Amino acid sequence: MKKPSFLDRLTGNAPATDYDRILDEKHTFGDDDAEQDDDGYEEEEWGHDDRPDAGPQQDGELPVDMFQTDDAIIIRALVAGVSPAELEISITRDMVTLRGIREEIQEVHDDGYFHRELFWGSFSRTLVLPEEIAIDEAEAQEKHGLLEIRLPKLDKHRSTQLKVRSNIVQK
């Protein structure tokens, strides 16, 4: 069933539907308010999809700050509640990927919550770096739930002198 537009409902041009039933003064809200989509599956909460073909749950995206100093690129992320051993950091010369899992400690049932805003479960974030870095010199440190990754920039102006070797054996 196609939901009538707000304008159609406002002007009265839309045919009476179940949406009008909800706006009726005699209607009491309850379990019969669960809506069905076009495939006949009910959605009880936002983001909840009980379809057989819904697939695995996707990772949450880790919010980060990334900035540069004269000699390094710094990435900061809040990882409170995540053990440093559970963090995976993959680095290439131009990209960084952070992965981890924040395990939820279930103290009460879902209906006991007043607010539920914290993210629990697996998360990941891939960042393209603005310039190449020295991978072997990268450092990561966690303190009080703040992860800081220091990625030294490659010095493109650095030069060295090479000595030429010869494989010719003199007799």
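Rule-based calculations on the coordinates, nothing more; no lab input. The model shown is predicted, which means the values in this text are computed figures rather than measured ones. Glycine also receives a Cβ, built like all others from the backbone with ideal geometry; neighbour counts cover every protein chain displayed.
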In square nanometres, what is the average projected area of the Cα convex hull of the range 85-157?
6.6 nm²
Work out from phi, with θ = phi - 60° and the Karplus expression 6.51 cos²θ - 1.76 cosθ + 1.60, the ³J(HN,Hα) of each residue of the range 134-140, listed in order in whole Hz, and give x for Gly and Pro.
8, 4, 5, 9, 5, 9, 10
For residue 155, what is the net charge nearby, where nearby means another residue's Cβ is under 14 Å from its Cβ and Lys, Arg count +1, Asp, Glu -1?
-2
13 Å cut-off, amide nitrogen to a point 7 angstrom out along residue 87 Cα→Cβ, residues in the range 138-158:
139-151
How far, in nm, would the chain grow between residue 64 and residue 117 when pulled straight, counting 0.36 nm per residue and subtracting the alpha carbon separation?
17.3 nm
Give me the net charge of residue 69's neighbourhood, meaning all other residues with Cβ under 11 Å from the Cβ of residue 69; Lys, Arg count +1, Asp, Glu -1.
0
